[in-house]
1. Semi-axes of the equivalent ellipsoid of region B:48-109: what are they in whole Å, largest first, if each equals the square root of 5 times a C-alpha gyration tensor eigenvalue?
2. What are the trypsin sites (Lys or Arg not before Pro) within region B:60-110 that DSSP puts in a loop, where the Cβ has at most 11 other Cβ atoms within 10 Å?
3. Compute the semi-axes of the equivalent ellipsoid of the protein assembly as shown, taking the square root of 5 times each eigenvalue of the Cα gyration tensor, and list them largest first in whole Å.
4. Report the accessible surface area buried between chains B and A, summing both sides, using a 1.4 Å probe on protein heavy atoms only, in Å² rounded to the nearest 100.
5. Near the amide H of A:Ala121, under 5 Å away, which other amide H atoms are found, from residues 5 or more places off or on another chain, if H is placed in the peptide plane?
6. Rank A:Asp26, A:Asp105 by accessible area, highest first, at a 1.4 Å probe radius?
7. Specify the inter-centroid distance of region A:6-25 and region A:58-97, based on alpha-carbon positions, in whole Å.
8. Evaluate Rg over Rh across region A:46-95, taking Cα atoms for both radii and Kirkwood's formula for Rh.
Amino acid sequence: MDKRTNADWLAAISHAGDDRENALADLDDLLRKYLPGALNRWLASNDPRFNALVDETVQETLLRVLQHYPAFEGRSQFTTWVFKIAVRVALTDLRRRRWKNISLDEIEAGWDEEGPEIHVAIDPVAQPERLAEQNDVVRRVEAIMNDVLTPRQREVLVMVGVHGLPGDQVAAMLKTNRNALYKMMHDARSRLKQRLEAEGLTTDEIISAFSQQ
Amino acid sequence: MKWLDKIIALFSKRPPAMGDLPQKGMPLQVVASFAGSLAGTQPGEIACDEVDSLMDGFAEIMARGEDASRIMPLVRLHIDHCPECREELEALLAVIEAYQQDDHHAAKVG
Ligand SMILES: [Zn+2]
């Protein structure tokens, strides 16, 4: 295998020419050799779409390497940095494929401008042994969530928690990005934590109220 | 940390698919895992972009068998709250472990 140092990789890639072409060809080989093994947990390697996924990921990764190598800070091996880019490209693509048929209209049907109300489903038939006090805690937490969280935050919670959408897809649907979505939900967690503490509800109490026997 | 084990157990149950939901209510375990994640909520959390810029270093520390969570606690905290970054870290680890194994092997042979 290659024995390039980080400086070797950068020197080769930073100037157009044979060295750059050779370096890119080596990265191409490395990606094709090591990426598929990590992706088959999400898409079976005998799936007809698998090879196309690998092809597209490798191409996009090499483009991004050329675009972003000046920002490489040398905090890891250069190859690890390239693998990181590839993994993000591939998994983002896989999540998008999986969820592309769900539309925001479908999810938002029936909500008004106040956003969705959080309603926790307790199925008395499936969980006949639940205690009344457990259900009380659940209803209290539910009421606090509806009171404390913004309509947007409740919307995200429902999209992620009820519909099972991944964060980057929610971000795309709401025309924001994954980073901003994380910050928004961090704010939601902070608000809720403060309020639950103020109301004297402990994490243990909540977890035991929400566990199913 | 017993509560953490409970949360992980709750997390590992995937929420039911859309069609299975009675009145589109939120499953108990979803709210429980959200409520559970409050215990680990801190003021100075970093978001996905910053984690992305640190993830290659974090994965290499893990691959060396060192305590990455102690060395880079803010990345660990984010990974606990963010399923997308978590699965990207898992996949990255799988790639670099396979690569390093071959590399070691080649070094021994060569
Ligand atoms: Zn993240």
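The values are calculated or read from the model by the stated rules, or taken from the named source; none is laboratory data. Predicted model, so just to flag it, every value in this text is computed and none were measured. Positions of Cβ are generated from backbone atoms using ideal geometry, with glycine treated the same way; all protein chains shown enter the neighbour counts. Calculation scope for accessible area: heavy atoms of the full protein, side chains included, ligands and nucleic acids excluded. Shrake-Rupley method; radii C 1.70, N 1.55, O 1.52, S 1.80 Å.
1. The three semi-axes for region B:48-109 are 24, 12, 8 Å.
2. Filter output for region B:60-110: B:Arg64.
3. Taking √(5λ) for each Cα gyration eigenvalue gives 41, 21, 18 Å.
4. Working: alone 8240 and 13550 Å², together 16470 Å².
Its buried surface, counting both partners, is about 5300 Å².
5. B:Met26, B:Leu28
6. A:Asp105, A:Asp26
7. 16 Å
8. Working: Rg = 11.9 Å, Rh = 11.5 Å.
Dividing the radius of gyration by the Kirkwood radius yields 1.04.
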